[in-house]
Structure formats: C-alpha cells, structure tokens
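The values are calculated or read from the model by the stated rules, or taken from the named source; none is laboratory data. In this text the structure is predicted, and so the values were computed from the model without any measurement. Please note: Cβ atoms are built from the backbone with ideal geometry, for glycine as well, and neighbour counts cover all protein chains shown.
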Amino acid sequence: MVVEDVDIEVETRQRRKQPMTEEVLVFTVRPKAAAAGRCSRCRARCPGYDAGDGTRRWRTLDVGSTKAYLQAPAPRVFCGEHGVVVAHVPWARPGAKCSHVFEDTCAWLAAHTALSVVTVFLRLAWRTVAAVVARVVADGRETNDLLAGLARIGIDEIAYRKGHRYLTVIVDHTSGRLVWAREGRNKDTLAAFFDELGAQRAAMLTHVSADGAEWIHAVVTERAPQALICLDAFHVVVWAMKALDKVRVRTMTRAGISDRHAMWATRKNPPDLTGEQRTSLAEIADTNRTLYRAYLLKEQLREVFRVKGTHGRQLLAGWLSWASHSRIPEFVALARSIRRYRDLIWNTLDHGLSNARSEATNTHLRALTKRAYGFHSPDALITMALLTRGGLCPALPGRK
Ligand SMILES: [Zn+2]
C-alpha cells in the first residue's frame, strides 16, 4: 500500500463508563495501482461502481505504545461474477474492521496465551477477539483443505457445557491435527462429515478408530466399508481406570492411607509416581489385596497396547483370562466388554495406530471446553479448536 499522510488525532472512548481521551495515529493509505479496482471476493479487475460508504478505518498494530489506524476510501466495484461489492484492499480481509497484520497477531496470541491477556494487550473486547479468530479460521479453511489426503482418522465425542452437549470431532492420526468438528453426536452428525468428505475421499480411508460407539460403526460401515475399524487404546485404558476407581471407593473403607493418596498412587503411570505415592502403593499391596490386584490389572492392560502386535494379542488373551477369574466384579465386567470389542482391539494392536498425537489433541480439546470464557456457542469452541489444533494458526506477521 501507499501511505499518503499520517495524522495524530484525539480519540474519545468509554472506559468503565467514563469518557477518556487518547492520542491515536491515523495513516491515510491507498492500494498500489495494480491492486486497486479489484473485486474483494475474486480479485478480478472491475469497473468502478460508486464511492460506497466513503472513507473507512481499520485498526492496525500499535506504533510503539500508540494505537494506530489505516484510513482509506472504500469504493464499490461491479464484478461480472459477484455484482456490486466493496473493492479489494490489500491490507485487510473483506468486511474486516482490522488489518491483516492486526488480525493475524490477535489470532496468534489467542492460540498461544490466555484470552484475558489478549484482550488487555490489544485493547479489544473478547467478543472482538472471537470475531477476529472466526474470520482468520474461516479464511484458513478456504485456503487449506483440511480433509485432503486423509487415510487414518480417529472419531471421538467430546462433552462440553458440563456434559450436557457434545461435539463430534475427527482427528487425522497421521498429522495429529483436528480436521473436522460439529455439534452433536449421532449418525446425522457423522453423516455430515462424510457428506463433506465425499465418496471419493471416503474410499481412501484405511483405518478409523473410535470409542466403540455403535452409531459410529454403523455410519463408517456404510460410508467407508473398506476402512478397518479400531478401538482407540486410550478409551480402553480409561475404562480400566474407571473400574479401578470403583474398586478403590468400594474397598477403601478401613482407616489407613487417605483416599486421595490411594487415588493418585493407583492411577498414575508407575514411572511417574512420587516417593510418597510409591509408599502408598506398597501399603495398598500390604493392606488391600483387592485394590492392588485391580491396579496390576489396569497396568497390564496398558502394557497390552504398549507392546502391540502378536505379542499384544497374547498379552490380551492372558489379561482376559486373569480379569475374568479375578473375582473383582468391576474387572470381570470390564473383561466382558473388552471381549465384546476384541476384534476391534486386535485391529488396533495389529495396525499400530499411533495414539499419542490424537490423544494429545483430545486432551487439549477437553481442556479447551473447560475454559469458561468466550465459548457461549459450540461454533466459537470449534473455531478455537481449529485454530489451535487444526493447523490454522497464522504465523506472527513478518516472521516465517
Ligand atoms: Zn468477483
């Protein structure tokens, strides 16, 4: 762009219901000749139509500590394809009230730090931040096809609003990225994904992992019959974790170590245990044989997914027999449901579906749903998730 003039103006705004004034910089700019007179939707060169709403301002990055704006006429052009539209300006997205560099900075900050920090740092209401993020993500989705080249995907349901509502999310196992999300968790929700994917790309899917939900299997079998359905290992481990918690609550009635200590000692990965937790575990081994056996069963099931392959299958067979004969009702029940899903678990073990990345994305999304601000609508949540986990976060302007 060409800068034609710079002015210092005094801006008055309401702050805590008090009017306050501050000096701002206003850059009067215009597009270079080659970028002028183009349609803002297709960039085609078009004849002018009228002056539109006259001069417009776009918030842009501060100059030092001073707020700054770009100012330019916003004429309209007549595009053969899009009709009467505002002319393209190279410094901002169509319809945006802020410049590209300002929006990209805002989105980058939103992805990397707390929204409360972003609002203070950029002097914006959080609603504006949410609108900016939405525009950046929409722009990114137009230029990046998130559904291109999918082969191994994970389908999951994530609760939000204290578990009253659900999102269905699709993660690419290869890149670990979130590629699609929508409110709801039923056949229609998942069918919408396959509609967007299209039959040709659905035929390229080789593996689909899920949590064992029947509605997911039904849709995948119909829309991508060639794909092998697997059971996500981390769901199975979560089932074992829940069974273990039940055993703990049922058996930890006698005095001794606190329930809290017992909970962490039995839940954690053995290498992550603190000295104190190791002591708790040793005490449990001494005083509560049932809980200790339940703990060993949980750890052994984790081991099944660690070794994978034929050896994993053998371990699983041994585990099923051990759990079924454990006389711990919670684990007898778990063995029953795992036996029901055995073929899907075999698929997981045989094909070494890497879970680390999709589990990290899953954990991130669950954490995102717990953040209180900004997510009054599922769309805002999905937008934020695509920004942080869909690879749509822009680079900071001026950096590569
Ligand atoms: Zn056009």
Residues of the stretch 96-110 that turn out to be among the small types (Gly, Ala, Ser), more than 19 Å from the chain's Cα centre (by Cα) and at pLDDT below 95, as a count: 1
All helices (runs of 4 or more DSSP H) inside the stretch 238-356 with 1 or more residues being farther than 26 Å from residue 228 by Cα, out of contact with any strand residue (DSSP E or B) (no Cβ under 9 Å at 6 or more places or on another chain) and touching a residue at least 24 places away in the same chain (Cβ under 8 Å): 259-267, 275-287, 289-307, 309-324, 329-340
Total residues in the stretch 32-49, condition away from the ligand (no atom under 16 Å from the Cβ) and surrounded by 16 or more Cβ atoms within 10 Å (Cβ to Cβ): 0
Options 199, 192, 240: the member that is more than 23 Å from residue 386 (Cβ to Cβ), among the aliphatic types (A, V, I, L, M) and surrounded by fewer than 20 Cβ atoms within 10 Å (Cβ to Cβ): 199
Residues (touching a Ser or Thr at 6+ places or on another chain (Cβ under 9 Å) and under 24 Å from residue 247 (Cβ atoms)) located in the stretch 327-362: 327, 328, 331, 332, 335, 336, 339
Conditions (1) modelled with pLDDT under 95; (2) touching a helix residue (DSSP H, G or I) at 6+ places or on another chain (Cβ under 6 Å); number of the one not met by residue 61: (1)
